Each structure stands twice: as C-alpha cells, then as structure tokens.
Amino acid sequence: MNPPQLFSLAGRNALVTGASRGIGRALAEGLAAHGANVVCAARTTADLETLTAAIQAAGGQAKALSMDVGDRDSLPAAAAAAEACFGPIDILVNNAGVNFREPLAEISGEHFDRILSINVAGMLFLTQAVAKGMMTRRSGKIINVGSITTGFGLSNLAVYTLTKGAVGQLTKALATELGRHNIQVNALCPGFIMTPMTNKLWSMPHMQEWGQRRIPLGRIATPADLVGSAVFLASGASDYVTGHSLFVDGGFTAGEPWPIPIGGGNVAPPGEIA
Ligand SMILES: NC(=O)c1ccc[n+]([C@@H]2O[C@H](COP(=O)([O-])OP(=O)(O)OC[C@H]3O[C@@H](n4cnc5c(N)ncnc54)[C@H](OP(=O)(O)O)[C@@H]3O)[C@@H](O)[C@H]2O)c1
C-alpha cells in the first residue's frame, strides 16, 4: 500500500522568514523534510548558509536569501529574489519577529516602531508581494507566526502583544479576502518555546517552575514541537482551513489546572486533577 500523500509538500516551494535560528530554522528543516524546496530568509547569511547545508546534507532542497523584513520598501524585490531560487512561492511562512520585554512606563518610541515594522508591517507587505502570484495561480498557503499573545495578555509585553493580536486579525482579514483565490491564510501561535529569543528567560529556575505548573502539558516546548502543525497548515491536509489561529501551546490558553478540593476535601496537586 502506498502511504497517503495528504501531508506531502513534494514539489512545493516555500519561503520561511526568520529562518536563521529558533522556530524559523526548525520550520524550514521540517518543511524540507516533508519535500518542500525551502528558501531560508533572514539577515544573518552565515547562519542561513549553515542551515541550507544541513538541509541539503539530509537530502532536502534549500537556498539562503538575505532579507530584512523590517525594510518595507525592499520587500517586493526580496519576494522576486525568493521566486528566483526555485520558482513561484506556494507556501509563505511569515515567522520573522522581535520582542522587547518592558513595562508600560519604559516603552520607547524607537522600540515601538521597530517591533511594528517587523512583526506587523513586514508581515503585511511581504504577504502583499508574494500573494500577487498566488492569486494568479489560484493556489497558496500563508502561515503567519503569532503567539500565545495573539489571544491572551501577558504583563510587560504590551507592544509585542498588540503586534501578535494584530497577526491574528490580519490572518482573518486576509483569509476572507484571499479565500476566493484558493489561498489559505492561517496563524500558527506558539506557546513558550526554547529559542535564542527566550533561552535566558527559561533558564531562570522560577520561570521554569512557573511554566511547568501553569502549562497543562507541564513543559516548555522546543521548536520541533511546532513542525507537525506547520506541515499541516502548509499541505493539502488544511485545504478547508482558513482564518484560523492554531495555538501550539501545551494547553496554556485552554486554561490551567487548579487545586480544587476533591474527594474527601483533599487539595490535589495540579498534575493529579482529572
Ligand atoms: N520563542 C518563543 O517562545 C515564541 C513564542 C511565541 C511566538 N514566537 C514567535 O516566533 C517567531 C520566531 O521566534 P524565535 O523565538 O525563533 O526568535 P529568535 O530565536 O530570536 O529568531 C528570530 C528570527 O527572526 C529573524 N529576524 C529578526 N529580525 C528580522 C528582520 N528584520 N528581517 C528578517 N529576519 C529577521 C532572525 O534572523 P536575523 O537576526 O538573522 O535576521 C531569526 O532568524 C517570532 O515571530 C516570535 O515572535 C516565539
């Protein structure tokens, strides 16, 4: 029996932004492992070359592309350069993103402009450039990387949270606009993932302890935990899914275990509550 091809990305061309490390790197490797030809984009070309060499060594197809998503005017040319690598882009993964953790009183205009230029404007204008060809071909998959904060508040992250909330709404708006062109637009919303952006945070014992207690699945994730959902959203398996924000967060946004008295009035530790 031949294995089903529902999740196969063979022959599809993908562009992944922010592929030089962290989540983007894992998504680029994961899409390539499922057959896609992957254009790996970011600003740090040395890291991209290391990644593309690793993908090729594993039998996949990948090319590196220098791109600054925060430079809005450069994005039409960047999209054209991406299409020159393997051909028209079938799958766009808008993953590049930045974060500054700061309380309201310390938010600077400079940081505000920087986060919005990458997390929101870069996502919108790169999508505009890539979606043009998808509309002509009447086919495309757009995956916008959101966050827990796409649908949930976290303190000292006001600007990041507003950008990731915008990712969720942008995803819905574009899903309604591009649906008639057979383009699916979805958001992939990671929970707490160990990456260069967050390693320092999660190496703090009190943060680890909080995460293990607060996340129903009881652990901080790795970028590899996101690959299955990304492949789903990039493949034919999700052809009737659009405008959706898929939270891959160990259950964080579903709620939390609580020490409710059970049985004879005992307080069960969170992990033991059925
Ligand atoms: N880690 C988490 O827990 C977590 C949770 C929820 C959501 N996310 C989201 O997931 C995405 C990736 O996060 P991460 O944790 O993997 O971050 P990371 O380790 O800091 O990696 C960020 C990536 O984005 C690229 N990038 C940054 N600015 C860019 C720009 N102006 N133009 C092009 N590329 C740029 C970086 O490459 P260069 O510096 O080489 O350009 C790098 O490849 C972000 O959108 C983030 O908000 C992360």
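Applying the Karplus parametrisation 6.51 cos²θ - 1.76 cosθ + 1.60 with θ = phi - 60° to the phi angles of segment 232-239, what ³J(HN,Hα) value in whole Hz is obtained for each residue in order, glycine and proline being reported as x?
Going residue by residue, I get 4, 6, 8, 9, x, 4, 10, 5 Hz, with x marking Gly and Pro.
Loop only by DSSP, 10 or fewer other Cβ within 10 Å of the Cβ. Give me the chymotrypsin sites (Phe, Trp or Tyr not before Pro) in segment 180-261 that pass, ordered by residue number. Intermediate results must be reported in sequence, preceding the final value.
Details: sites: 192, 202, 210, 232, 240, 247, 252; in loops: 192, 240.
The qualifying sites are 240.
Report ³J(HN,Hα) in whole Hz for each residue of segment 85-97, in order, from the Karplus equation J = 6.51 cos²θ - 1.76 cosθ + 1.60 where θ = phi - 60°; Gly and Pro get x.
The phi angles translate into 6, 10, x, x, 7, 8, 10, 10, 10, 7, 9, 3, x Hz.
Could you give each residue of segment 166-177 its phi-based ³J(HN,Hα) in whole Hz, using Karplus coefficients 6.51, -1.76, 1.60 with θ = phi - 60°, and x for Gly or Pro?
The phi angles translate into 4, 4, x, 6, 4, 4, 5, 4, 6, 4, 5, 6 Hz.
Taking a label point 7 Å from the Cα of residue 202 along the Cα→Cβ vector, which residues of segment 2-37 have an amide N closer than 11 Å to it?
Of the residues in segment 2-37, 23 have backbone N under 11 Å from the label point off residue 202.
I need 20, 8, 235 ordered by Cβ neighbour count within 10 Å, fewest first.
Final ranking by Cβ density, sparse to dense: 8, 235, 20.
Mind checking which of 135, 207, 197 has the largest fluctuation in a GNM of the chain, springs on alpha carbons under 10 Å?
Fluctuation is largest for 207.
Measure nothing but the geometry: give the 0 to 90° angle between the long axis through the Cα atoms of 205-214 and the longest principal axis through the Cα atoms of the chain, rounded to 10°.
That works out to roughly 90 degrees.
Separation of segment 49-114 and segment 1-30 by C-alpha centroid, Å?
Between the Cα centres of segment 49-114 and segment 1-30 lies a distance of 15 Å.
What is the antiparallel percent of DSSP beta bridges lying wholly in the chain, to the nearest 5?
That works out to approximately 5 percent antiparallel.
Could you tell me the calculated FRET efficiency between residue 112 and residue 213, based on Cβ-Cβ distance and R0 = 30 angstrom, to the nearest 0.05?
Using R0 = 30 Å, I get an efficiency of 0.40.
How high is the relative contact order of the chain, in percent, with contacts defined as C-alpha pairs under 8 Å that are six or more residues apart? Present the calculation step by step, with values, prior to reporting the outcome.
Numbers: 538 pairs, mean separation 49.9, N = 274.
That works out to 18 percent.
Order of 134, 194 from fewest to most other C-beta atoms within 10 Å?
On the way: 134 22, 194 18.
Neighbour counts put them in this order, fewest first: 194, 134.
Over all pairs of distinct alpha carbons, what does the Kirkwood formula give as the hydrodynamic radius of segment 13-272, in Å?
19.0 Å
For residue 63, which sequence-distant residues (separation of 5 or more, or a different chain) have an amide H within less than 5 Å of its own amide H, given hydrogens modelled in the peptide plane?
The answer is 38, 39, 40.
Which residues in segment 131-175 place their backbone N less than 11 Å from a point set 7 Å from the Cα of residue 2 along the Cα-to-Cβ direction?
No residues fall inside that zone.
What order do you get for 16, 159 when you list them from fewest to most C-beta neighbours inside 10 Å?
159, 16
Quick one: how many lysine pairs does the chain have with C-alpha atoms less than 21 Å apart and a gap of 8 or more or different chains? Give me the count, please.
Numbers: 63/141; 132/141; 132/172; 141/164; 141/172; 164/172.
Total qualifying Lys-Lys pairs in the chain comes to 6.
How far is helix 123-137 tilted off the main Cα axis of the chain, in degrees rounded to 10, range 0 to 90?
It is inclined by approximately 50 degrees.
Between the alpha-carbon centers of segment 180-194 and segment 195-221, tell me the distance in whole angstrom.
Rounded to whole Å, the Cα centres lie 23 Å apart.
Only the coordinates and a few stated rules stand behind these numbers; no lab work does. Quantities reported herein were computed from a predicted structural model and do not represent experimental measurements. All Cβ positions, glycine included, derive from the backbone under ideal geometry; neighbour counts span all protein chains shown.
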